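In what follows, a structure is listed as structure tokens, so that the remarks can point back to it.
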Amino acid sequence: MAEHSRQRTDADNNFLKVQTQALARNRIISEADSIAQARDANTAKLRQLRLHKEALDRESQALSPAKSKTRRKIVPA
């Protein structure tokens, strides 16, 4: 009976060890996923702001008068 109890204790300890490792691994994966999700949200926000700014820049260029390109004449000395 004592041998059975020892085997049971060893099995329980091994199971708890594996379970603890799995929980730690799941926590790490969950944290990595949340970091990636936050990064993706920030990237999307920055992209939206950049696209909006580019649209405003294009709009302001279309409304402003075009600058004429004049060349200076080089006068030989």
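Modelled this way, with points 7 Å down the Cα-to-C-beta line, the labels at ARG50 and ASP10 are 6.0 nm from one another. Computed from backbone phi with θ = phi - 60° and the Karplus coefficients 6.51, -1.76 and 1.60, the 3J(HN,Hα) list for region 19-34 is 5, 5, 4, 5, 5, 5, 5, 5, 5, 5, 5, 4, 5, 5, 5, 5 Hz; x is used for glycine and proline. Per-residue ellipticity at 222 nm computed for the chain from its helices equals -30500 deg cm²/dmol, with DSSP H segments shorter than 4 residues left out and the rest contributing -39,500 (n - 2.57).
Between the residues ASN42, LEU23, LEU63, the greatest Cα displacement towards the positive end of the dipole of the chain, with unit charges on the Cβ of Lys, Arg, Asp and Glu, is found for LEU63. Between the labelled values (i) 23; (ii) 73; (iii) 54, the entry that holds percent of Cα pairs over 19 Å apart as derived from this structure is (ii).
Each Lys and Arg Cβ is given +1 and each Asp and Glu Cβ -1; about its Cα centre, region 1-76 then shows a dipole of about 1140 debye.
Comparing ALA11, ALA32, LEU51 along the charge dipole axis of region 1-52, the residue lying farthest to the positive side is LEU51, per the Cβ-charge model.
Bear in mind these aren't lab numbers, they're just calculated from the coordinates by the rules spelled out. These numbers come from a predicted model, not from an experiment. Cβ atoms come from the backbone with ideal geometry, glycine included; neighbour counts cover every protein chain shown.
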